[in-house]
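Asks: Here you go, one structure.
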2 protein chains.
Amino acid sequence: MQLSELSERSGVSVASVKYYLREGLLQPGAAVSARRSEYDEDHLRRLRLVRALLTVGGMSVAQARDVLAAAQDPAFDRHSRLGVAQYLLPPRVTTPPAGTPEAAAWQERRAEVLALLRDELGWRIHDGAPALDALTEALLTLNSLGYATTEGTLRDYANALHPIAEAELDVIDEHPAIDEAIEAVVAYTVLYEPVLLSLRRLAHEDVSARRRR
Amino acid sequence: MQLSELSERSGVSVASVKYYLREGLLQPGAAVSARRSEYDEDHLRRLRLVRALLTVGGMSVAQARDVLAAAQDPAFDRHSRLGVAQYLLPPRVTTPPAGTPEAAAWQERRAEVLALLRDELGWRIHDGAPALDALTEALLTLNSLGYATTEGTLRDYANALHPIAEAELDVIDEHPAIDEAIEAVVAYTVLYEPVLLSLRRLAHEDVSARRRR
DNA sequence: GAGTCATGGATAGTGCGACTATCCATCCAT
DNA sequence: ATGGATGGATAGTCGCACTATCCATGACTC
């Protein structure tokens, strides 16, 4: 198929497809001549994934490029790829510069959280996990606004989420085509986030409705 | 305190504070004279909340304004405010225009999800809940990429999330100052999202590490 | 084999959101 | 009385995600 057909079938304008090609979000088509290339179903799939990451996943073009590149890197095995996706995925957080007084509080809080997850819950997580930074950031922000975040709450969250994560990896592990379609990992990681958040809000609504009587 | 001090204590530039004032994210200070106003601790709190919504919460200035305005509206009681926050909060989703073939599939899927939550799980949720739209959108996107989303998965997610929602409302209900600091609801709803997502990613890492052996 | 037309590639332009900078006519504190 | 900050208005900047225009070429149509 040619560019115009790729554009039509995906619902993305020709100009935008060109833009994604330029930015490296899409593999170039097979050059059939200097001024003509052939695209296949894989390009279409990839294009759809890109759109999903940008819209549903809320990622920037640059983030999407990095993640897709890393997820495709054959140097990573199946499980590392999940890690890679996670390590590159937003939210990226700006840690305070070393030396400042905030940095100390930051490190302290981070260590507390890590200790809770590792020692108390027995989670095997890497020290440099960016999700840990994001978590620290969120907790400190909450605190700075005057809302306490107790250890108990955090533990409850963690315990509630763990079986979900387990189930998700089950699905990924069972996925037959996952070695060819590596993007599946990215898709699952990013695109299930809105599912989770939506359900949480709906649960809020339910609980609120019940209590109201 | 004056503008410069408000700026200093919040770490937000004077120009930005002026911008937020213009955009209605911040209440104007008490005009002590034509060219001088007085700001208090409430302004500082609010400014910090605004920054948190924009950075940690990833909201746009317009969204933050709408949410804060609604959350402050005295026409809403305690529980409605949670609803208000939820109904205004991102992600906002673009439903397909009526009449198109996608719209039919969209409605069908939405009805399925609603039935699952309402009839099977007994959740009391409103038909027009925007989170339901976001959920439908996410599921359809996943499907269009070739990833099946089974009813069972959804049910598992829902069941895992419900106790979390319950616990969150507990905290909010116990909050003594919540009637004065209505923003607490917004803060909890928005700022706990990154906590949830970060923990999910960390749980992924743990599960992945265990399975790797 | 001429004409038409989409293509790949390059480059420039657009629209928007979130600031940021400049001005100016006052005040207020010193 | 006066220099520096202030509120208010207006204009400018910057980054991002496109979008539009051009161009030389090559492929398909007749």
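The values are calculated or read from the model by the stated rules, or taken from the named source; none is laboratory data. It should be emphasised that the depicted structure is a prediction, and the values quoted were computed from it without experimental measurement. Here the Cβ positions follow ideal geometry from the backbone for every residue, glycine too, while neighbour counts run over all protein chains shown. The accessibility values were calculated without ligands, DNA or RNA, using every heavy atom of the protein model including side chains. Shrake-Rupley method; radii C 1.70, N 1.55, O 1.52, S 1.80 Å.
Asks: Put the label 7 Å from Cα along Cα→Cβ for A:E108; what are its distances to the other copies, in nanometres, shortest first?
Replies: Spelled out, the distances from A:E108's label point are 5.9 nm.
Asks: Hey, another quick one. For chain A, calculate the relative contact order in percent as a whole number, restricting contacts to Cα pairs under 8 Å that are 6 or more residues apart.
Replies: 19
Asks: Quick one: what are the phi-derived ³J(HN,Hα) couplings along region B:40-48, Karplus 6.51/-1.76/1.60 with θ = phi - 60°, whole Hz, x for glycine and proline?
Replies: 10, 4, 4, 4, 5, 4, 4, 4, 5
Asks: For the pair B:A105/B:D42, report the inter-label distance in nm, with labels modelled 7 Å from Cα in the Cβ direction.
Replies: Rounded to a tenth, the inter-label distance reads 5.1 nm.
Asks: How much FRET efficiency would the formula 1/(1 + (r/R0)^6) give for A:H126 and B:N159, where r is the Cβ-Cβ distance and R0 is 30 Å, rounded to 0.05?
Replies: 0.55
Asks: Mind grabbing the interface size between A and B? I mean buried accessible area, both sides, 1.4 Å probe, in Å² to the nearest hundred.
Replies: Using a 1.4 Å probe on protein heavy atoms, the buried area is about 7600 Å².
Asks: If you plug each phi of region A:8-23 into the Karplus form 6.51 cos²θ - 1.76 cosθ + 1.60 with θ = phi - 60°, what whole-Hz ³J(HN,Hα) values come out, in order, with x for Gly and Pro?
Replies: 4, 5, 9, x, 10, 4, 4, 4, 5, 4, 4, 4, 5, 4, 4, 7
Asks: Measure off, as a whole percent, the carbon and sulfur share of the 1.4 Å-probe accessible area of chain A, all protein chains present.
Replies: Within chain A, the accessible surface is 52 percent carbon and sulfur.
Asks: Could I have the simple spin-label model distance between A:A62 and B:V14, label points 7 Å from Cα toward Cβ, reported in nm to one decimal?
Replies: 3.1
Asks: From Cα coordinates alone, what are the radius of gyration and Dmax values for chain B in angstrom?
Replies: Rg, Dmax (Cα atoms, Å): 20.9, 70.
Asks: Here is a further query. Starting from a label point 7 Å past Cα on the Cβ side, list the distances from A:E166 to the same position in the other copies, nm, shortest first.
Replies: Inter-copy label distances (nm, one decimal, shortest first): 1.9.
Asks: Please calculate how many Å² of accessible area the protein assembly as shown carries per residue, with a 1.4 Å probe and no DNA, RNA or ligand atoms counted.
Replies: I get 46 Å² per residue for this part.
Asks: To continue, here is another question. After finding the eigenvalues of the alpha carbon gyration tensor for region B:123-213, what semi-axes result from the square roots of 5 times each, listed largest first in whole Å?
Replies: Gyration-tensor ellipsoid for region B:123-213: 29, 20, 12 Å.
Asks: Sequence gap at least 6, Cα distance under 8 Å: using those rules, report the relative contact order of region A:86-212 to the nearest whole percent.
Replies: With pairs under 8 Å counted, the relative contact order is 20 percent.
Asks: Taking a point 7 Å out from Cα toward Cβ as the label site, list the nm distances between B:E8 and the same residue in every other copy, smallest first.
Replies: 6.6
Asks: Can you give the convex hull volume of the alpha carbon atoms of region B:3-75 per residue, in Å³?
Replies: 95
Asks: Any idea how far the Cα center of region B:98-127 sits from the one of region B:14-46, in Å?
Replies: 44
Asks: Closest beta-carbon to the B-to-A rotation axis: which chain B residue owns it, and what is the separation in whole Å?
Replies: B:A160, 3
Asks: In whole angstrom, how long is each semi-axis of the equivalent ellipsoid of the protein assembly as shown, when you take the square root of 5 times every eigenvalue of its Cα gyration tensor and sort them from largest down?
Replies: Taking √(5λ) for each eigenvalue gives 37, 25, 25 Å, largest first.
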